[in-house]
Amino acid sequence: MKLKSAGYVPNTVQVVFDVDEEEKETVVSYHSEKLALAFGLINSRSKETIRITKNLRICGDCHLAFKLLSEIYRREIMVRDAIRFHLFRKGNCSCMDFW
């Protein structure tokens, strides 16, 4: 709920399944990096950096969500995807939205 109140709207442009918009929103909500972040938020101390490694590229929806979540929870989130490192801090990403 905090994420939606911060202005998050799921980006379903990259979902290629032939399903309705509501189902596409569900699909992007279960991306592995979002689940990993939820686990990290639950199981780490409040000031610890959360580190996530991913063997694929991070999608635009997760990138936006992580920027907002880093600001909401005041946490640093480091994601290593197949191409680069992303350090989300205070609502910004170290890649400057170029990924």
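The values are calculated or read from the model by the stated rules, or taken from the named source; none is laboratory data. This structure is a prediction, so every number in the text was calculated from the model and none was measured. Positions of Cβ are generated from backbone atoms using ideal geometry, with glycine treated the same way; all protein chains shown enter the neighbour counts. These accessible areas exclude ligands, DNA and RNA; they are computed on the full protein's heavy atoms, side chains included. Shrake-Rupley method; radii C 1.70, N 1.55, O 1.52, S 1.80 Å.
In this structure the chain gives 68 Å² per residue of accessible area when probed at 1.4 Å with all protein chains present. Ranked from largest, the principal axis spans of the Cα set of the chain equal 40, 31, 24 Å. When shorter helices are ignored and each DSSP H run of at least 4 residues is given -39500 (n - 2.57), the per-residue value for the chain at 222 nm works out to -11000 deg cm²/dmol. Between the residues V16, L56, L41, the greatest Cα displacement towards the positive end of the dipole of the range 1-75, with unit charges on the Cβ of Lys, Arg, Asp and Glu, is found for L41. Note on the chain: with neighbouring protein chains present and a 1.4 Å probe, carbon and sulfur make up 55 percent of its accessible heavy-atom surface.
Which FRET efficiency, nearest 0.05, do Y8 and E76 yield, Cβ-Cβ r, R0 22 Å? Write out the running numbers ahead of the final one.
Details: r = 19 Å, r/R0 = 0.87.
Step by step, r from the Cβ atoms, then E = 0.70.
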